[in-house]
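Report on the structure given below.
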Amino acid sequence: MITIRKSEERGHANRGWLDANYTFSFAGYNDPAHMNFRALRVLNDDIIEPGRGFGPHAHRDMEIVTYVLEGGLLHRDSMGEEHVLRPNEVQAMSAGNGIVHSEVNASEDERVHSIQIWIEPASEDLVPSYQQIAFPPSEKQGRLRLLAGPKASAGESATVINQDVRIYVTELASGQALKQTLEKDRHAWIQVLRGNVSLNGQLLKEGDGAAVSDERELSFAGSGTGGEILLFDLA
Amino acid sequence: MSQTEVLITFYSRCGSAEKLALQAAVGAVQARAMIRFRRLPDIAGSHSADSPECLKTLDRLRKEYIGPSEADVLRADAIVFVAPAGFRAVSPEWTEHLDLIEELRSAGKLEGKVAGAIQIDPQGALPAVILRLGFIVVPSGADVDGAARALAHGRRVAELANLLKTGSSSKL
């Protein structure tokens, strides 16, 4: 079963410095019908104006994965980590038993477009941690590139999160096809970051999401000028 | 019952006191409190020339934080005050805020609120000043490292506020 979450049906907030679309309930957007999908709790699509951002704030017991589509996002935290996250990089922060961080646009001239993902951890009170990795764009072109998973994989560097969830990214050119098999009793969430992609014959446009359950074979194809998607493989 | 709210009120120009404020906040979060940061606004001409690095930090601090309001104080179950080295109650950045706190104390609006003080100089005057302001004051521990001390103190303040909140709630 595939249930599409249309882009325009997402929650939306525009604070001037922040233009955000919320796939699931977040901050002032509260929709009991869209609280989460499996362990995926938050999927925010944020555009932040130059020099602006989220000042210091706290998190607890959440795996927070951030992926940047455009620009640079400056991260600072209470562990002393200070890094700029750019396209073709992924950041995973395990809030554990408590962390304070800020995320601001690293540029005074260009906006930043970022995707923030919150995954509920498998257990509470973990020790906070921070990881950031970069990868060549070729690794996501026409194939699934693992961004985050429950343990370090042998072949490819990815961030490690404390939950049985794998997050992949892929960029498909027009007409380019990709298949992925879900293991038994697994679920998937697909989020279109850019462009258009079809999923098992159904067209998904930029900003659309799709919840997948009781399906084993996922067939993707770039539509129109192609697109970039995130694939969440969830227990 | 709502989550305990801890207000972290600090003054920092070059980032050292901010680091302690962040650690105090982590401690409060470890105690499952909700936290809010407020940085006291600068007073023009009250400081001598800062280094270039300090000026860069100061610019960031001014962008990232807002100053505390009366509503912030009233909403908080607990407040952790964090001051840089050389704190004096008559420091221009602190005077106005401490006057506000004193007014609230006189009006009986601080009853049941918990507070703690963290200062880079452990022998500084901030704890004594906070003690006079009508809060239930949590004394700081004797941990050697400043960051660990701040974290532990933030946690203790939040834990006491949690206990008081749970206690007052169970009586209702």
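Observations
- Comparing B:49, B:21, B:31 in a Gaussian network model of chain B where C-alpha atoms under 10 Å apart are linked, the largest mean-square fluctuation is found at B:49.
- Axis of helix B:52-64 versus longest Cα principal axis of chain B: the two differ by about 40°, to the nearest ten degrees.
- Report summary: the helix-based calculation at 222 nm, which adds -39500 (n - 2.57) for every DSSP H run with n ≥ 4 and divides by the residues of chain B, gives -15000 deg cm²/dmol.
- Tensor-based shape of the protein assembly as shown (alpha-carbon gyration tensor, a/c under 1.5 rounded, otherwise prolate or oblate): prolate
- Semi-axis lengths, Å, segment B:48-108, gyration tensor of Cα atoms, sqrt of 5 times eigenvalues: 26, 15, 9
- Chain B: most fluctuating residue of B:48, B:91, B:12 per GNM, C-alpha cutoff 10 Å: B:48
- Computed from the C-alpha gyration tensor, the three semi-axes of the ellipsoid equivalent to segment B:5-164 are 23, 18, 14 Å, from longest to shortest.
- Cross-link partners of residue B:165 among aspartates and glutamates (Cα-Cα below 13 Å; sequence separation of 8 or more within a chain): B:5, B:77, B:111
- Stokes-Einstein diffusion coefficient of segment A:90-151, Kirkwood radius over Cα pairs, 10 °C, 1.306 mPa s, in µm²/s: 110
- Distance from the Cα centroid of segment A:6-48 to that of segment A:105-180 is 19 Å (rounded to whole angstrom).
- Close Lys pairs in chain A (alpha-carbon distance under 22 Å; sequence gap of 8 or more, or different chains): 6.
- Per-residue Cβ neighbour counts within 10 Å put A:215, A:156 in the sequence A:156, A:215, beginning with the fewest.
- The C-alpha atoms of chain B define a longest principal axis, and helix B:146-170 lies at about 30 degrees to it.
- GNM top mover of B:84, B:92, B:41 - chain B, alpha-carbon springs below 10 Å: B:92
- Projected area averaged over orientations for segment A:98-188, convex hull of C-alpha atoms, nm²: 8.7
- From phi via Karplus (6.51, -1.76, 1.60), per-residue ³J(HN,Hα) for segment A:214-220 in Hz, x at Gly/Pro: 6, 10, 9, 9, 10, 10, 10
- Lysines whose Cα lies under 25 Å from that of residue B:63, excluding same-chain neighbours fewer than 8 positions away: B:19
- P(r) tail fraction, segment A:1-99 - alpha-carbon pairs more than 21 Å apart, %: 41
- Using equal-weight Cα scatterers in the Debye expression, the normalised intensity of chain A in log10 at q = 0.16 Å⁻¹ is -1.20.
- Degrees, to the nearest 10: B:16-30 long Cα axis against longest axis of chain B: 20
- Segment A:201-235-segment B:21-72 distance, computed between alpha-carbon centres (Å): 44
Read-outs throughout are calculated quantities, based only on the coordinates presented, and are distinct from any laboratory measurement. Please read all numbers here as calculations on a predicted model, not as lab measurements. Neighbour counts run over all protein chains shown; Cβ positions are idealised from the backbone, glycine included.
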